[in-house]
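Only one structure is covered here, and it is reproduced in the block below.
The values are calculated or read from the model by the stated rules, or taken from the named source; none is laboratory data. Source: prediction; values computed, not measured. Note that each Cβ is placed from the backbone with ideal geometry, even for glycine, and that neighbours are counted across all protein chains shown. Protein only, heavy atoms only, side chains kept; ligands, DNA and RNA dropped before computing areas. Shrake-Rupley method; radii C 1.70, N 1.55, O 1.52, S 1.80 Å.
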Amino acid sequence: MLKTDTEKGISGDDADLMARRNAFGSNTYPRKKGRSFLAFVWDACKDLTLIILMVAAAVSLALGITTEGIKEGWYDGASIAFAVLLVVFVTAISDYKQSLQFQNLNEEKQNIRLEVVRGGRRIMVSIYDLAVGDVVPLKIGDQVPADGILISGHSLSIDESSMTGESKIVHKDQKSPFLMSGCKVADGYGTMLVTAVGINTEWGLLMASISEDSGEETPLQVRLNGVATFIGMIGLSVALAVLVVLLARYFTGHTYDPDGSVQYVKGKMSVGQTIRGIVRIFTVAVTIVVVAVPEGLPLAVTLTLAFSMRKMMRDKALVRRLSACETMGSATTICSDKTGTLTLNQMTVVEAYFGGKKMVSPDNTQMLSADVTSLIVEGIGQNTSGSIFEPEGGQEPEVTGSPTEKAILSWGLKLGMKFNETRSKSSILHVFPFNSEKKRGGVALHLGGAEVHIHWKGAAEIILDSCTSWIDTDGSKHSMTPEKVAEFKKFIEDMAAASLRCVAFAYRTYEMDDVPNEDQRAEWKLPEDNLIMLGIVGIKDPCRPGVKDSVRLCQAAGIKVRMVTGDNLQTARAIALECGILDDPNVSEPVIIEGKTFRALSDLEREEAAEKIFVMGRSSPNDKLLLVKALRKRGHVVAVTGDGTNDAPALHEADIGLSMGIQGTEVAKESSDIIILDDNFASVVRVVRWGRSVYANIQKFIQFQLTVNVAALIINVVAAVSSGNVPLNAVQLLWVNLIMDTLGALALATEPPTNHLMERPPVGRREPLITNIMWRNLIIMAFFQVSVLLALNFKGISLLQLKHDDPAHADKVKNTFIFNTFVLCQVFNEFNSRKPDELNIFKGISGNHLFIGIIAITVVLQALIVEFLGKFASTVKLSWQLWLVSIGLAFFSWPLAFVGKLIPVPERPFSEFFAWCCCCCKRGKQASDDATSDGKGNKSEHKEDAV
């Protein structure tokens, strides 16, 4: 009824696929829509300080129009309202854009690529393109992509916990053939026929009823929220103190207009004028809160994470968990797989040892009898999870499967194997799928009558240990003598030393009468003793180009690269030397260690050995897990790469789990934090660079924002308390706030990573966010800005030669000049913040177009505000001479920052230094009290001498 072929699948042409989608639906399910732009606007409007400012703007507008008329009275209130709305919309646009980026990346996470059989060929398609009637091969670690029924399978076991909630593994066969989407293949392999997709599946119904929570907060965001709250509390306390002082000065007649007249005279002021004065003071206090609260800190993390995630996608890394971006920057060790990560994963058989002799050419079977060749081809064709599609037009056969399977099947074709013909000569009774724990796989074949062959394939030395005889070139069988074992082992060692992966083939005969019946066959354990050695092949998997440089880069960055592989020690050693992980070929335990040796150590010995390990060979997934646990106990931040189902525990246990996008199973991907889309170690190193970049960008922004916070707060507080007036009004502070929070975050949080980041040691787990270098830069810049601007505030009229001007106009020119200089100081400060620990602050500036664009926009908007929007910002036009002076004062921060960076800073955090100072003061006071006492509690008169 589904018009499909269980062997060849559907035809797969566009018309057929469209008809199937129209009839049965597509393999997608409706996802709940993301939040609209208006929702983000509403969120931005909920900010309490902005609400207070809007109320103040409304009151100011009403009072202004009442007292001064509509022509002049609307400027103050309208300008505050406009500035607030500008902040709201810029924040909302920024948040909305980041939300869309996270949504798109989330869609990419769900887009699984899988194999389907169409027109007799195995092809890769997106899970979204799956259609009812498709035939899908399943292997260990895959996710069942849709609802369907089992066509054929061997030892197929499914983990249905995602659907049923029970962790029980369910065996699937012809009696229990139903497969549910979303479940994972725990063991074996098989082929399924898709019967329902998308919303018509159990998984689709479940997913449509739940909404994904994308509100994950990373550890850095949590820390910064805490910092922002703490600074906000300080700002609020200062603002309340300023409010009290300003109100007290106002009502006691100590606040003056620029012309010298008292602003409030009891009994002579109208209610409207009094309220307007109070609103003005209240607005100043609120804007101090606005500028003091660094709400841009969490925004900067969101921006840099969204930017990094998008760029990491281009660098072939898909981030599944946001926190991994940050943690990767702290990685101190990387435990990497060999195959496909350090190597190219392009395997070919380059050496062969059959019939007890090394073959001149690995695909030359002339020296072998027809019976031996037939046995080898039988083992290759049947004991595999791969497949060969043989086109009818005489084109080259298409080989699919894992890289090792593809290499062996391709070699089989060169031996003259006809895949379909070979498989038709015998029927499969039972399969023991390849297991990374046991490192071998087997198959029982019924050749007809009572004859049964059991073929095994796997790690050469493990198969060799199970062999009691070997087969000669003419097909005769010989006992496995110690001399012959030594000969086989020598050949394995020679191949391994040449960095070849050694795979052995063996078989044994069996009686059909001894094979369990069909009902009991699922539990049958294939015999693996008394095997007859057929031969061994050496598979070459060359090192990836550039891996050596990537490993060297990691080592220079203080990250130790360790190779964990299932290959034997000799192969592992050869590849590690080729990749630069080892530089001495004569190293011994525990630098290079076998999995079983490491496994046998006690917990304490294991921790000590883990520190020294560079290469672990013949390791099982459990050995990798033990290594990760031991390293974490020693305080390491561990990144682990893995691709198999059994790697899932190690990926989950590690601080950062990196699964492989090409060879990785869905189970491994589900357990990982980041998917490396090209399976390349160089991409892992790029992820480290991006992780460090996230942390470095946040630190740059913190330095920039806190400098502005400190400077603006001190200037306004000192001016308010001393004179009752502030040089920076509400609109101006809102504009500064916009520069700080949104534009500053965009400029500094989107800096691309540089090689300089890889020249530092990893950032420790508990390292302070604000380093001593940042404190130094922050204090120098804030001190310079506060000194210059306070000098201008108190002596500006005489310094700017405005004594002969109208007092009100002179005061406006002075305040405009202060505002302009302050904003330009922040522009120059943004350049300084780009490179907190480097002297050349312009390095790489030409490559960051966004930074240059934001600086240009800030300067242009500042000029517009000062020169054309004076009515709204309470500014006046400045002469070109004052512009030059303003630029000159701001420019002076560059040489000052340069000189400041030459000042050495202590290695220990300032927080420890302050604690030490307090402790010293406490001890000093106690010593002083003790020294000046006469022993009876009375103080001595000679205090100076005692001290």
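Filtered by the rule that a residue be more than 24 Å from Gly441 (Cα to Cα) and touching a strand residue (DSSP E or B) at 6+ places or on another chain (Cβ under 8 Å), segment 143-176 gives Pro145, Ala146, Asp147, Gly148, Ile149, Glu160, Ser162, Ser167, Ser176.
Residue-level check: of (1) of a type outside the set (Phe, Trp, Tyr); (2) closer than 25 Å to Ala92 by Cα; (3) modelled with pLDDT under 85, Gly64 misses just (2). Taking the condition among the β-branched types (Val, Ile, Thr) and outside any strand (DSSP E or B), does Ile288 pass? Against the criterion (among the β-branched types (Val, Ile, Thr) and outside any strand (DSSP E or B)), Ile288 qualifies. Within segment 840-865, the residues that satisfy the criterion of being modelled with pLDDT of 90 or more, among the small types (Gly, Ala, Ser) and surrounded by 12 or more Cβ atoms within 10 Å (Cβ to Cβ) are Gly853, Ala863. Restricting the search to segment 620-633, which residues are at pLDDT below 90 and open to solvent by 10 Å² or more (accessible area, probe 1.4 Å)? Residues satisfying the conditions are Pro621, Asn622.
Take Trp470 and tell me if it is among the aromatic types (Phe, Trp, Tyr) and over 30 Å from Leu344 (Cβ atoms).
Working: among the aromatic types (Phe, Trp, Tyr): yes; over 30 Å from Leu344 (Cβ atoms): yes.
Yes: the conditions hold for Trp470.
With respect to being open to solvent by 20 Å² or more (accessible area, probe 1.4 Å), closer than 22 Å to Arg501 by Cα, in contact (Cβ under 8 Å) with a residue 60 or more places away in the chain and not in a helix (DSSP H, G or I), Gly566 fits the description. Being under 30 Å from His154 (Cα atoms), open to solvent by 30 Å² or more (accessible area, probe 1.4 Å) and among the charged types (D, E, K, R): is that true of Glu392 here? It is true that Glu392 is under 30 Å from His154 (Cα atoms), open to solvent by 30 Å² or more (accessible area, probe 1.4 Å) and among the charged types (D, E, K, R). The set of residues from segment 532-568 being touching a Ser or Thr at 6+ places or on another chain (Cβ under 8 Å) and within 30 Å of Thr509 (Cβ to Cβ) comprises Ile532, Met533, Ile539, Gly566.
Scanning segment 687-735 for residues that are over 24 Å from Asn832 (Cβ atoms) and of a type in the set (S, T, N, Q) yields Ser722, Ser723, Asn725, Asn729. Taking segment 134-166 as the range and being surrounded by 24 or more Cβ atoms within 10 Å (Cβ to Cβ) and not aliphatic (A, V, I, L, M) as the test, the residues that pass are Asp134, Pro145, Gly148.
Pairs are defined by a Cβ separation below 6 Å, a sequence spacing of at least 6 or placement on different chains, a first member in segment 128-150 that is within 25 Å of Ala19 (Cα to Cα), and a second member that is part of a strand (DSSP E or B) and among the acidic types (Asp, Glu); the pairs so defined are Pro137/Glu115. Just one of the listed residues (Ala324, Ala292, Ala331) is small (Gly, Ala, Ser) and over 23 Å from Val637 (Cβ atoms), namely Ala292. If you take the residues of segment 332-357 that are open to solvent by 10 Å² or more (accessible area, probe 1.4 Å) and in a strand (DSSP E or B), which of them is modelled with the lowest pLDDT? Per the criteria, the residue is Lys357. Might you check whether a residue that is in contact with a Gly (Cβ under 9 Å, 6 or more places away or on another chain) and either closer than 30 Å to Leu61 by Cα or of a type in the set (A, V, I, L, M) (or both) occurs anywhere in segment 859-880? Looking through segment 859-880, at least one residue is in contact with a Gly (Cβ under 9 Å, 6 or more places away or on another chain) and either closer than 30 Å to Leu61 by Cα or of a type in the set (A, V, I, L, M) (or both). If you go through segment 782-826 and keep only what is farther than 19 Å from Trp880 by Cα, in contact (Cβ under 8 Å) with a residue 24 or more places away in the chain and of a type in the set (A, V, I, L, M), you end up with Ala782, Val786, Val788, Leu789, Leu790, Ala808. Note on segment 887-901: residues that are touching a residue at least 12 places away in the same chain (Cβ under 8 Å), part of a helix (DSSP H, G or I) and either more than 30 Å from Ala808 (Cβ to Cβ) or open to solvent by 20 Å² or more (accessible area, probe 1.4 Å) (or both) amount to 9.
Number of residues in segment 671-706 that are charged (D, E, K, R) and either free of Cβ contacts under 8 Å to residues at least 60 places away in the same chain or in a loop (DSSP other than H, G, I, E, B) (or both): the value is 3. Listed by position, the helices (runs of 4 or more DSSP H) inside segment 770-879 whose residues that are touching a Leu at 6+ places or on another chain (Cβ under 9 Å) and closer than 21 Å to Ser723 by Cβ number at least 1 are 772-799, 807-834. Going by the structure shown, is Gln110 surrounded by fewer than 22 Cβ atoms within 10 Å (Cβ to Cβ), out of contact with any strand residue (DSSP E or B) (no Cβ under 8 Å at 6 or more places or on another chain), closer than 30 Å to Ile10 by Cα and touching a residue at least 12 places away in the same chain (Cβ under 8 Å)? Yes; evaluated as a whole, the condition is true for this residue. So, in segment 764-800, of the ones that are of a type in the set (S, T, N, Q) and under 30 Å from Thr332 (Cβ atoms), which residue ends up most open to solvent (accessible area, probe 1.4 Å)? It comes out as Thr771.
Filtered by the rule that a residue be over 47 Å from the mean Cα position of the chain (by Cα), outside any helix (DSSP H, G or I) and in contact (Cβ under 8 Å) with a residue 60 or more places away in the chain, segment 507-528 gives Tyr510, Glu511, Val515.
Restricting Leu526, Leu582, Leu531 to residues that are at pLDDT 90 or above and crowded, with 22+ Cβ neighbours inside 10 Å narrows the list to Leu531. Mind checking which residues of segment 723-752 are closer than 21 Å to Lys843 by Cα and either open to solvent by 20 Å² or more (accessible area, probe 1.4 Å) or free of Cβ contacts under 8 Å to residues at least 12 places away in the same chain (or both)? Answer for segment 723-752, where residues must be closer than 21 Å to Lys843 by Cα and either open to solvent by 20 Å² or more (accessible area, probe 1.4 Å) or free of Cβ contacts under 8 Å to residues at least 12 places away in the same chain (or both): Leu743, Leu746, Pro752.
Considering only residues of segment 417-434 that are of a type outside the set (Asp, Glu) and open to solvent by 50 Å² or more (accessible area, probe 1.4 Å), which is nearest to the chain's Cα centre (by Cα)?
Keep residues of segment 417-434 that are of a type outside the set (Asp, Glu), which gives 417-420, 422-434.
Next cut, open to solvent by 50 Å² or more (accessible area, probe 1.4 Å) only: 418, 420, 423-425, 427, 432, 434.
Values: Lys418: 46, Asn420: 45, Arg423: 45, Ser424: 48, Lys425: 51, Ser427: 48, Phe432: 37, Phe434: 32 Å.
Per the criteria, the residue is Phe434.
Between Leu878, Leu824, Leu884, Leu869, the distinction of being over 40 Å from the mean Cα position of the chain (by Cα), among the hydrophobic types (A, V, I, L, M, F, W, C), open to solvent by less than 30 Å² (accessible area, probe 1.4 Å) and over 22 Å from Leu757 (Cβ atoms) belongs to Leu878 only.
For Gly133, the conditions (1) under 27 Å from the mean Cα position of the chain (by Cα); (2) part of a loop (DSSP other than H, G, I, E, B) are fulfilled apart from (1).
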